[in-house]
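First up is the structure itself, then whatever we jot down about it.
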Amino acid sequence: MRAKRRTVLWRVLLPLFPLVCALAALCIGRMGVTPADLWKSLAGHLTGGELPAGLVELTLWRVRLPRILLAMLTGAGLSASGCAFQSLFANPLATPDTLGVASGASFGAALGILIGLPLVGVEGMAMLCGTAAVLLTALAGRGRGGLSGVVLAGIMMGSLFNALVSLVKFTADTETELPAITYWLMGSLSAANWPELALGAPPILVGLAVLLLLRWRLNLLPLTDDEAKAAGVNIRALRIVTILAATLCTASCVSMCGQVGWVGLLIPHICRMRFGSNALRLLPASVFLGAGFLVIVDTVARSVSPSEIPISILTAMVGAPFFIFLMRRSEGWQL
Amino acid sequence: MTLTAENASFAYKHGDPVLRDLNFTVESGEVTAILGPNGSGKTTLVKCLMGFLRWTSGRSLLDGQDVRGIPEREFLSRVSYVPQAKGQMLSLTAEDMILLGVTGRIGIFSTPSEDDREDVRKLAGSLGIAGLLEKKCTEMSGGEVQMVLIARALASKPQLLVLDEPESNLDFRNQLIVLQTLTRLAEEGMAVIFNTHYPAHALTRAKNALLLDRSGRGIAGPVGEVVTEENIRKTFGVEAAIREFEGGVRGILPLRLTGE
């Protein structure tokens, strides 16, 4: 009974978390906006009443809101694909970063930027190269080396694609393209605006929706092929759809805000500790927690210092200690 | 319900046949045991029966119908599989693990309903593992995991249960728990086929047995005619004594290797 009540509590709290983070983030930043301003503006828009000053309006809805939405989407997308990859490879260390998906997508996106493609093209390239990277990793790491095999293959694939990214940088124009690629690679949500969001959000939303709809079946992925088949499921089709959906999320996140590392490892494992490994609960929890987490990190990144800190620096500062904590925990890594 | 293998042979690509010309029948209400030394193809046979591997020649028939002509979904709704309880376990609770067995019955985007959960709780109760439902599979003993895997296979309400070495790596007591479960399922009308390293388990539990030798040929028939001192010597290279205990229970004791 107590367990039931706690479940209900979490069901309310978790969806509220990103919402509360977003509302708080709207009021934080170098341009002073008070909660009263936010309230006035919200009430004004809803009832058609009086609005706050133009600059406040602009900051709230043109600058901060798209950026916050992008942070939510990216956090949710990377966390969900982290969960999916962990199930897919039956490996608690599998994430968009460790499998080389993020590096592959980065290469595709960097190449797209270099040849001057529009965002849709950049996204397409990121998707293509990200998928190639994860397939190569799966092929290379198959069967051998148990848990570490696929991660080692992923690290190799990641370093290969990072080398290719360097090649792109090497050929890029040092005055304009190189700084753009470099800064974007370190991860930044500063370029967020409505038109870009309108293009970048749908792929993430589609990937998320597919994963969320399939969430019960994701539990079958870590089983052996025979076991999964015996449960009456077309496991090949399920694997392919999951890979595509998770890669779509990752690639779209990467092409909009660069390599935001660690989220896909950090968030799913925090949720595993609290909610267990059943994807039925794990996936929605990761989506909400990931969304809120990245809003917090991005708000810190844009407001603690006069110039913005690249977001991947912050996620690494949180992620690395947590990684070590997980590793040294008595139960160790668990799926 | 009957499952029949007819002149069934299997060979891996570019290899010698692992199984040759097997003929046997599994029927509702009966337990059938597959015996044989290591490497004789017991697990391969189970995979062929389940359709995970295809017979190179010959066929299997489900109620007289060629299995290749039955849609996979329908076949798997009637025949269920219990894998060897080894390898990495997921830290799912037993309830979730057993529920995975109903996945084939529900829609692609559906999640198990409260009714499905109720069914699982009843099933667990009937198997005597209701107390395990909240426990994580990673924290279970080998015997507990095996019972959960059996429950998962039963969750799809099959007519035939195929088990791959269900009592390996278990202690005496847990072996008995698993074996008694098999006996009870057969008494309730299910067809049960399991492969085992223990001739004694075939003798005490099975009505029929299939004894594979290293060349992949098999002797099939009533267990009393298949598991004999003579056949054990031939296939295992072991001198064994089969004796009857009180109540008509027969046991077998390996004495020495042949030729010593």
Got a number for residues in segment B:101-144 being more than 13 Å from every other protein chain (Cβ to nearest Cβ) and either under 22 Å from the mean Cα position of the chain (by Cα) or not in a helix (DSSP H, G or I) (or both)?
13
Restricting to segment B:45-64, and then to whatever is over 16 Å from A:GLU227 (Cβ atoms) and in contact (Cβ under 8 Å) with a residue 60 or more places away in the chain, can you tell me which residue is farthest from the other protein chains (Cβ to nearest Cβ)?
B:GLY64
Residue in segment A:203-221 that is farthest from the other protein chains (Cβ to nearest Cβ), counting only those that are more than 20 Å from the chain's Cα centre (by Cα) and of a type in the set (A, V, I, L, M):
A:LEU221
Name the residue that is surrounded by the fewest Cβ atoms within 10 Å (Cβ to Cβ), counting only residues in segment B:79-100 that are among the polar types (S, T, N, Q) and part of a loop (DSSP other than H, G, I, E, B).
B:GLN88
Determine if segment A:255-268 includes at least one residue that is within 14 Å of chain B (Cβ to nearest Cβ) and either farther than 30 Å from A:ASN162 by Cβ or buried (at least 18 other Cβ atoms within 10 Å of the Cβ) (or both).
yes
Right, B:LEU61: out of contact with any Ser or Thr (no Cβ under 7 Å at 6 or more places or on another chain), hydrophobic (A, V, I, L, M, F, W, C) and farther than 25 Å from B:ALA130 by Cβ or not?
no
Would you be able to say whether some residue in segment A:270-277 is over 18 Å from A:ASN91 (Cα atoms), β-branched (Val, Ile, Thr) and away from every other protein chain (no Cβ under 14 Å)?
no
Kindly list the number of the only condition in (1) within 14 Å of another protein chain (Cβ to nearest Cβ); (2) within 19 Å of A:GLY124 (Cβ to Cβ); (3) among the β-branched types (Val, Ile, Thr) that fails for A:THR224.
(2)
What tally of residues in segment A:212-221 results from selecting those that are within 16 Å of B:LEU90 (Cα to Cα) and either among the polar types (S, T, N, Q) or in a helix (DSSP H, G or I) (or both)?
5
When residues of segment A:96-143 are limited to those that are assigned to a helix (DSSP H, G or I) and of a type in the set (Val, Ile, Thr), the one farthest from A:GLY200 (Cα to Cα):
A:THR137
Restricting to segment A:167-190, name every residue that is assigned to a helix (DSSP H, G or I) and surrounded by 12 or more Cβ atoms within 10 Å (Cβ to Cβ).
A:LEU167, A:VAL168, A:LYS169, A:GLU177, A:LEU178, A:PRO179, A:ALA180, A:ILE181, A:THR182, A:TYR183, A:TRP184, A:LEU185
Does segment A:304-315 include one or more residues that are touching a helix residue (DSSP H, G or I) at 6+ places or on another chain (Cβ under 8 Å), at pLDDT 90 or above and among the acidic types (Asp, Glu)?
no
Can B:LEU149 be described as surrounded by 17 or more Cβ atoms within 10 Å (Cβ to Cβ), in a loop (DSSP other than H, G, I, E, B) and either away from chain A (no Cβ under 14 Å) or out of contact with any Leu (no Cβ under 6 Å at 6 or more places or on another chain) (or both)?
no
Sole residue being among the aliphatic types (A, V, I, L, M) and in contact with a Lys or Arg (Cβ under 8 Å, 6 or more places away or on another chain), chosen from A:ILE204, A:ILE181
A:ILE181
Hey, any hits in segment B:65-86 for a residue that's within 9 Å of chain A (Cβ to nearest Cβ) and over 27 Å from B:VAL26 (Cβ atoms)?
no
Out of all the residues in segment B:55-78, which are within 12 Å of B:LEU19 (Cα to Cα), in a loop (DSSP other than H, G, I, E, B) and not β-branched (Val, Ile, Thr)?
B:TRP55
Set A:LEU93, A:LEU70: member being within 21 Å of A:ALA316 (Cβ to Cβ), within 14 Å of chain B (Cβ to nearest Cβ) and touching a residue at least 40 places away in the same chain (Cβ under 8 Å):
A:LEU93
For A:ILE28, indicate whether it is surrounded by fewer than 17 Cβ atoms within 10 Å (Cβ to Cβ) and among the β-branched types (Val, Ile, Thr).
yes
When residues of segment B:1-24 are limited to those that are surrounded by fewer than 17 Cβ atoms within 10 Å (Cβ to Cβ) and either under 26 Å from B:THR181 (Cβ atoms) or β-branched (Val, Ile, Thr) (or both), the one modelled with the lowest pLDDT
B:MET1
Please state which of the following conditions A:ILE324 fails to meet, knowing it meets all the rest: (1) crowded, with 20+ Cβ neighbours inside 10 Å; (2) more than 19 Å from A:SER87 (Cα to Cα).
(1)
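The values are calculated or read from the model by the stated rules, or taken from the named source; none is laboratory data. Computed from a predicted model, the values in this text were never measured in an experiment. Note: ideal-geometry Cβ built from the backbone for every residue, glycine included; neighbour counts use all protein chains shown.
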